[in-house]
Amino acid sequence: MIRIGLLGAGRIGQMHARAVSDLDKVEIVAVHDPRDEAAAWVQAMTGAARATTMEIVDDPDIDAVIIASSTDHHAEQILEAANGGKHIFCEKPIDMNLSKVRECVEAIEKAGVIAMMGFNRRFDTNFDAVKRNILNGEVGEVELVQITSRDPSAPSIDYLKTSGGIFVDMMILDFDMARYVLDDEIDEVYATGSVLTDPEIGKIGDLDTVAVTLKSKSGKIAVITNSRRSSYGYDQRVEVHGSKGMVRANNLRGTAVTIANHEGYRSDPLLDFFMERYALAYKKELQTFCRLVAGQEQEHYPDHIDGLRAQELAMAAWESYKKGKAIKIGKK
């Protein structure tokens, strides 16, 4: 039996708790959250005891932690978990500060624990099929990647104030996906952006509409576009063009049914938001993490180095936007 401590029992922590409850020989035995109502929800579902972070990481009977707390706690909890010898699953990002991210990477490697980042899109059935078709040679040598991500609406302004901004909070998932399908490190980042959906977002120094061009070390190009507003639903698409062809993952709808009549064609709207669109991916990523903890080899999982690389790209995107020029990764 794999015994897990959950750090953070908010919306994403509760989703992870539901996913773990569906797995065999895995249980959440302790939960930490300063909010009574959030902790009580997870306790009622799992039977977990309420505990402090240090009680969890010091408990020799707990094998791993899921870090689903607010971003400003991630790095501290990673360091505590690593020092306690716990395997770590952490939601993105590790931290807003790259020096702190690198400190966490060093602590993880020194402790020799497994660390996995919550880049759940790698575990989406459709995006995974894109990767598999690249690996089996269907598109030849990858040359161009296009990633589209548009949310139905923006989070609250209070959330955005502490989110790190659109490149860190939203596009970081797409940065990881770009690296994943390119299978090459990024050498150059150029970003542009605007405030087009809500002037209040601009007042806090953030953006709501952005585009980033990435150039890999071998010259491959990825273009990512993000918007905080999509009037037609949660828009999630990936297209990869190569020397022999193209592979594309389109949006998901409630059903695959199309109705045609004298008024034209119509189909169900897109799935509502990330918790619906990626429900199965969340479950698959935790299955992978638990198999790693159990000592089973797993391919293509996002680790702490992937977390560092994605954060480097997010910070480079902000620098590019502010300076109005392309930024070389690792150079000033």
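Take the alpha carbon atoms of region 307-332, find their center, do the same for region 195-213, and report the distance between the two centers in whole angstrom.
Centre-to-centre distance over Cα atoms comes out at 17 Å.
Roughly how tilted is helix 98-111, in degrees to the nearest 10 and between 0 and 90, from the longest Cα axis of the chain?
Once rounded, the angle reads 50 degrees.
Rounded to the nearest 5, what % of the DSSP beta bridges within the chain are antiparallel ones?
That works out to approximately 55 percent antiparallel.
For TYR282, TYR232, what ranking results if the residue with the fewest other Cβ atoms within 10 Å of its Cβ goes first?
On the way: TYR282 20, TYR232 10.
Ordered by Cβ neighbours within 10 Å, fewest first: TYR232, TYR282.
Against the longest principal axis of the chain, how steep is helix 71-83, in degrees 0 to 90 to the nearest 10, with axes from Cα atoms?
Computed tilt is about 50 degrees.
Assign one of three labels to region 226-332, namely rounded, prolate or oblate, based on the Cα gyration tensor with a ≥ b ≥ c the square roots of its eigenvalues; rounded applies when a/c is under 1.5, prolate when it is not and a/b is larger than b/c, and oblate otherwise.
oblate
So if the hydrodynamic radius of region 121-328 is defined as the Kirkwood radius over C-alpha pairs, what does Stokes-Einstein give as its diffusion coefficient at 10 °C and 1.306 mPa s, in µm² per second? Please report the intermediate quantities before stating the final value.
Numbers: Rh = 18.3 Å.
Stokes-Einstein gives a translational diffusion coefficient of 87 µm²/s.
What are the GluC sites (Glu not before Pro) within region 225-282 that DSSP puts in a loop, where the Cβ has at most 15 other Cβ atoms within 10 Å?
Of the GluC sites (Glu not before Pro), the ones in loops of region 225-282 whose Cβ has at most 15 other Cβ atoms within 10 Å are GLU263.
In terms of modelled amide H atoms, which long-range or inter-chain residues lie less than 5 Å from the amide H of ILE2?
VAL26, GLU27
Cα to Cα, under 26 Å, and not fewer than 8 places away if on the same chain: which lysines meet these conditions relative to LYS161?
LYS92, LYS100, LYS203, LYS322, LYS323, LYS325
A short reminder: the numbers here are calculations on the coordinates, not readings from a lab. It should be emphasised that the depicted structure is a prediction, and the values quoted were computed from it without experimental measurement. Because the Cβ atoms are built from the backbone with ideal geometry, glycine has one as well, and the counts that use them run over all protein chains shown.
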